[in-house]
Amino acid sequence: MRYPSMVNYFEESGEETPIIKDENILLPDYVPDGLLHRNAELQGIADAIKPILRKGIPDNLFIHGPSGSGKTSCIRHIMKQLGSYSAAVLPVYVNCWENPTQMAVYNRIIEEMRLPLPRRGLATDEIFARIREYVRNYRKPVLLVLDELDGLRSDKLLYVVSRANEKQLMFGIVGITNNKLLLSKLDSRVRSSLRFSEMEFKEYKEEQLLAILEMRAEKALAPGSYSEKLLTKIARLVENGSARTAIERLWKAAKHAEKSGKQKIMIQHLEDVIQEQPAFKLPEYNLTAEELLIMEILEQGELRSSGLYERFTKKIPKTKRQIRNYLDLLENKGLIESEELEAEGMLRPKVFRRR
């Protein structure tokens, strides 16, 4: 019997050609020192926050815009600058899809405050009492950034925090979402108390995407490993003006070139990356996995909301409110439409279909 030879697959494949010299610069969480084509938005966020440095009342912000338009990068940049400028404010960043409950958000605030919690655990109101005590004792306002605001399962957190300001406990709130309709769906008491100022982020234009790609490529890639023609094509082909998608495609094309042993990223590497996208990707709308699932479900035909919720939650566990937010986004993008059926008792069910 012939036995297979012992092969070290790392030796067999050899080392990849080092095109990427700093991969972090091409990853989604990277926040550059300077953000191109967002000066007005950065200044607007800073101006809204500034009063909190003087123990004044900040403008609570409701920031909305398409995915990849720089919303999160801008707020992270401002938070970084705020932390460098003054220790008088505690900035707390929370991703609401990762922390969807009132308790989860409170725990993130507690983490930033570095407060110990007993092993037995505390009730939600007890935890918020500790947060209030910290703010009162240290006279340190909290800037609470709620990214992916539509991920929150309840308005109660916003209501409780807004009421705290009435008791001279200073909280500034920045809500970020892709869904511009979300503000109108919040409880009227919350809207009245928080008095959000709206800020819209527009999608990037082609020439703006090119400038962003040039800056990232210069810092992340080896000299001579890419061409202006490549970056121009990426910027031109990116749908919906998403900087995130543009940078991701550059990164993936660079990985392809490295794996094929090339010293330069070719147009073919980019085309391979685009070709690898799932057939039902609808990339021009930059859809999330949840939105894609709804589109796939409705591809089989129209559905009442109850049936849609049932099929959706079998694949991805979300609340009805969260699913409604996705439906609103898809309607706003013109991909689906809804029709309110005749009343059945007190309920007015909807039917959803693809356009």
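Restricting attention to region 138-163, and to residues there that are in a helix (DSSP H, G or I) and among the β-branched types (V, I, T), which single residue is surrounded by the fewest Cβ atoms within 10 Å (Cβ to Cβ)? Filtering first and then ranking leaves V160. Candidates in region 113-137 are the residues that are surrounded by 10 or more Cβ atoms within 10 Å (Cβ to Cβ) and assigned to a loop (DSSP other than H, G, I, E, B); of these, the one that is modelled with the highest pLDDT is L115.
Within region 175-200, the residues that satisfy the criterion of being part of a helix (DSSP H, G or I) and surrounded by fewer than 19 Cβ atoms within 10 Å (Cβ to Cβ) are L182, L183, S184, K185, S188, R189, R191, S192, S193. Does I173 meet the test of being out of contact with any Gly (no Cβ under 7 Å at 6 or more places or on another chain), touching a residue at least 60 places away in the same chain (Cβ under 8 Å) and not assigned by TED's automatic domain parsing to the domain that holds K55? No.
Listed by position, the helices (runs of 4 or more DSSP H) inside region 287-347 whose residues that are over 23 Å from S184 (Cβ atoms) and either modelled with pLDDT under 85 or not assigned by TED's automatic domain parsing to the domain that holds S154 (or both) number at least 3 are 289-298, 305-315. Looking only at residues of region 107-129 that are closer than 23 Å to S86 by Cα and not aliphatic (A, V, I, L, M), we find that the one that is farthest from the chain's Cα centre (by Cα) is R114. Kindly evaluate L209 against the criterion of being farther than 25 Å from I78 by Cβ, at pLDDT 95 or above and either surrounded by 16 or more Cβ atoms within 10 Å (Cβ to Cβ) or among the β-branched types (V, I, T) (or both). Criteria not met by L209.
Is it the case that L82 is surrounded by fewer than 20 Cβ atoms within 10 Å (Cβ to Cβ) and touching a helix residue (DSSP H, G or I) at 6+ places or on another chain (Cβ under 8 Å)? Judged against the criteria, L82 is not a match. One residue stands out among those in region 1-58 that are assigned to a loop (DSSP other than H, G, I, E, B) and farther than 30 Å from K255 by Cβ: the one that is modelled with the highest pLDDT, which is P58.
Of the residues making up region 276-286, those that are among the polar types (S, T, N, Q) and either surrounded by 13 or more Cβ atoms within 10 Å (Cβ to Cβ) or at pLDDT 85 or above (or both) number 1.
Can you spot a residue in region 222-244 that is at pLDDT 95 or above, within 24 Å of the chain's Cα centre (by Cα), of a type in the set (D, E) and surrounded by fewer than 17 Cβ atoms within 10 Å (Cβ to Cβ)? No.
Going residue by residue through region 63-81, is there one that turns out to be assigned to a helix (DSSP H, G or I), out of contact with any Lys or Arg (no Cβ under 8 Å at 6 or more places or on another chain) and not assigned by TED's automatic domain parsing to the domain that holds R132? No, that holds for no residue.
The values are calculated or read from the model by the stated rules, or taken from the named source; none is laboratory data. Since this is a predicted model, take the numbers as computed values, not measurements. Positions of Cβ are backbone-derived with ideal geometry, glycine not excepted, and every protein chain shown enters the neighbour counts.
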